[in-house]
Amino acid sequence: MTEKINKNFKNADLINPNWEQHGYIQIYTGNGKGKTTASLGLAMRALGRKWKVLIIMFTKGGDNYGELASFKNLSEEISNNLVIEQAGLDRIVYAANKSDDDEKEIKKGWQIAKKAIENDEYQLIILDEINIAIDLKILDIDEVIKVLQNKPKDMEIVLTGRNAHPKAIEIAHLVSEIKPVKHYWNTGVVARKGIEY
């Protein structure tokens with residue numbers, strides 16, 4: 001088994017000798033719990049390597065998120081490489097309740113993302129819940145795809161949220177679909193501080 005793994009790594013080096021310097025597009029989607037959590041784990045890993053990281057939280061406003069409290073308490077050395085932008089109101093957005101204010105916040109967040117990508121300001125950009133913003137037709141999928149396709153080659157970009165658009169899936173290099181197999185919510189357990197938020 002080890003020989004097979006080593007052979008695969010050698011083949012990867014032949015196909016792309018600079019694979020470590022290349023940035024990819026990743027998508028975490030599906031109806032299961034853990035999409036944002038996975039992307040934020042990736043952010044912590046990148047920050048540990050002294051990468052510059054931008055996280056834009058689409059459809060998420062307010063400060064009642066445990067991850068925000070954690071990020072505020074990082075060492076100065078690490079926090080200097082991290083920027084978090086919230087592009088949403090303090091509520092969950094659905095098709096039935098989306099408002100002009102939701103659209104305004106989300107579009108503001110997209111302008112920040114676009115500028116950061118075009119100006120090559122970060123090594124990792126996480127577009128948290130952008131799939132929802134696209135699914136609600138607040139952001140135009142074709143514009144998002146165009147920006148992603150023209151990203152700096154060594155920049156890593158992560159998109160999270162349910163209902164990833166097929167066009168985004170097509171251009172992504174890594175797509176993880178998180179499926180619910182079993183969830184305690186089905187027994188009446190509500191979102192818990194420190195676990196769900």
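Readers should treat all values here as calculations from the given coordinates under stated rules, not as data from a laboratory. Here the structure is a predicted model, which means the values were calculated and not measured. Positions of Cβ are generated from backbone atoms using ideal geometry, with glycine treated the same way; all protein chains shown enter the neighbour counts.
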Each residue of region 54-61 in order: what ³J(HN,Hα) in whole Hz does its phi give by Karplus 6.51 cos²θ - 1.76 cosθ + 1.60, θ = phi - 60°, with x for Gly and Pro?
-> 10, 10, 10, 9, 6, 6, 10, x
Long-range amide H partners of Leu82, meaning residues 5 or more apart or on another chain whose placed amide H is closer than 5 Å, are Val53
Please state, rounded to one decimal and in Å, the Kirkwood hydrodynamic radius that region 95-191 gives when every pair of distinct Cα atoms enters the mean of 1/r.
-> 14.9
Can you work out ³J(HN,Hα) from phi for every residue in region 184-197, in order, using Karplus 6.51 cos²θ - 1.76 cosθ + 1.60 and θ = phi - 60°, giving whole Hz and x for Gly and Pro?
-> 5, 4, 5, 9, x, 6, 9, 4, 10, 4, x, 10, 8, 8
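Would you kindly state how much longer the chain becomes between Ser79 and Glu103 on full extension, computed as 0.36 nm times their sequence separation minus their alpha carbon distance, in nm to one decimal? Mind showing how you got there, number by number?
Details: separation 24, 0.36 × 24 = 8.64 nm, distance 2.90 nm.
Roughly 5.7 nm would be gained on extension.
Between Asn163 and Glu121, what is the FRET efficiency for a Förster distance of 35 Å, r being their Cβ-Cβ separation, to the nearest 0.05?
Efficiency at R0 = 35 Å is approximately 0.80.
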Mind pulling the angle between the C-alpha long axis of helix 2-15 and the longest principal axis of the chain? Nearest 10 degrees, somewhere in 0 to 90.
-> 90
Region 23-187 - Debye-derived log10 I(q)/I(0), Cα point model, q = 0.10, 0.13, 0.14 Å⁻¹ | -0.35, -0.60, -0.70
Under a Cβ-Cβ cut-off of 11 Å, what is the net charge of the residues other than Val53 that fall near it, where Lys and Arg count +1 and Asp and Glu count -1?
-> +2
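Place a +1 charge on the Cβ of each Lys and Arg in the chain and a -1 charge on the Cβ of each Asp and Glu, then give the dipole magnitude about the Cα centre in debye, rounded to the nearest 20.
Working: 28 positive and 28 negative charges, 124 e Å.
Roughly 600 debye for the chain.
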When Arg192, Arg91 are arranged by how many other beta-carbons sit within 10 Å of their Cβ, fewest first, they go Arg192, Arg91
Highest to lowest packing among 33-40, 70-77, 92-99, 125-132, scored as the average C-beta count within 10 Å | 125-132, 33-40, 92-99, 70-77
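Between Met44 and Asp154, 0.36 nm times their residue separation minus their Cα-Cα distance comes to what? Display every interim value, and only then the final one.
On the way: separation 110, 0.36 × 110 = 39.60 nm, distance 1.83 nm.
Roughly 37.8 nm would be gained on extension.
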Roughly how tilted is helix 35-48, in degrees to the nearest 10 and between 0 and 90, from the longest Cα axis of the chain?
-> 50
Using only Cα atoms, tell me the angle between helix 100-118 and the longest principal axis of the chain; keep it within 0 to 90° and round to the nearest 10.
-> 20
At R0 = 45 Å the Cβ-Cβ FRET efficiency linking Gln111 and Trp185, nearest 0.05, sits at 0.85
